[in-house]
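Colleague: Handing you this structure, nothing more for now.
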């Protein structure tokens, strides 16, 4: 497909979703041209790769060997770290926030909230944590970084020093859903407790 067409990404995504529909979610994840074949063990990994290669061959698609990694225990995928343990925040994204100085302009607050949005699935009560920053952005009379903003900024950095891990629930396992609602924000998290 030619580069530069506005709908090229969406069209290609539709193609790979259709081509790999029997694998997506089971032993493969696909996002545009990023593909991940996932397996429980080495033996099934060979079979899963073979299944993927068969589809690629049938469609006449080609892989770039320099961009392929096979048999990895984990790695980066779509900006996250994927491993047997689960999905983790890329430490570079944490460092980007940890290394930030307190914002001095609305543009810098936008940068902070954008970085928070990229990590939202890992931030417990993320909407509530970001509320002071969004209030600052709503002010029409210029920029004001107050104590509430600084406290929220410091709390965010502290929270990110112990990042969360996203894991897949096991069949039959008990899960807890925690809800937090106020007049200004709503958050929810589905939790499983390891070892219990």
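Colleague: Just the residues that are closer than 17 Å to residue 122 by Cα and touching a helix residue (DSSP H, G or I) at 6+ places or on another chain (Cβ under 8 Å), please, taken from segment 178-194.
Modeller: Matches in segment 178-194: 180, 185, 186, 187.
Colleague: How many residues, within segment 21-43, are crowded, with 16+ Cβ neighbours inside 10 Å and over 22 Å from residue 83 (Cβ atoms)?
Modeller: Qualifying residue count, segment 21-43: 0.
Colleague: Can I ask one more? Tally up the residues in segment 61-119 that are in contact with a strand residue (DSSP E or B) (Cβ under 8 Å, 6 or more places away or on another chain), surrounded by 13 or more Cβ atoms within 10 Å (Cβ to Cβ) and assigned to a loop (DSSP other than H, G, I, E, B), please.
Modeller: Residues in segment 61-119 being in contact with a strand residue (DSSP E or B) (Cβ under 8 Å, 6 or more places away or on another chain), surrounded by 13 or more Cβ atoms within 10 Å (Cβ to Cβ) and assigned to a loop (DSSP other than H, G, I, E, B): 3 in total.
Colleague: Right, next: Residues that are assigned to a loop (DSSP other than H, G, I, E, B) and under 25 Å from residue 155 (Cα atoms): does segment 25-44 have at least one? Working first, answer last.
Modeller: Here is the first cut: in segment 25-44, the ones assigned to a loop (DSSP other than H, G, I, E, B) are 25-27, 32-33, 38-41.
If we keep only those that are under 25 Å from residue 155 (Cα atoms) as well, we get none.
Scanning segment 25-44 turns up no residue that is assigned to a loop (DSSP other than H, G, I, E, B) and under 25 Å from residue 155 (Cα atoms).
Colleague: Regarding segment 159-182, can at least one residue be identified that is assigned by TED's automatic domain parsing to the domain that holds residue 96, over 17 Å from residue 84 (Cα atoms) and surrounded by 12 or more Cβ atoms within 10 Å (Cβ to Cβ)?
Modeller: Scanning segment 159-182, I find at least one residue that is assigned by TED's automatic domain parsing to the domain that holds residue 96, over 17 Å from residue 84 (Cα atoms) and surrounded by 12 or more Cβ atoms within 10 Å (Cβ to Cβ), so the answer is yes.
Colleague: Return the residues of segment 136-185 that are closer than 30 Å to residue 25 by Cβ and assigned to a helix (DSSP H, G or I); say none if nothing qualifies.
Modeller: 160 - this is the single residue of segment 136-185 that is closer than 30 Å to residue 25 by Cβ and assigned to a helix (DSSP H, G or I).
The values are calculated or read from the model by the stated rules, or taken from the named source; none is laboratory data. All of these numbers come straight from a predicted model, not from anything done at the bench. In this analysis, Cβ positions are derived from the backbone assuming ideal geometry, glycine residues included, and neighbour counts consider all displayed protein chains.
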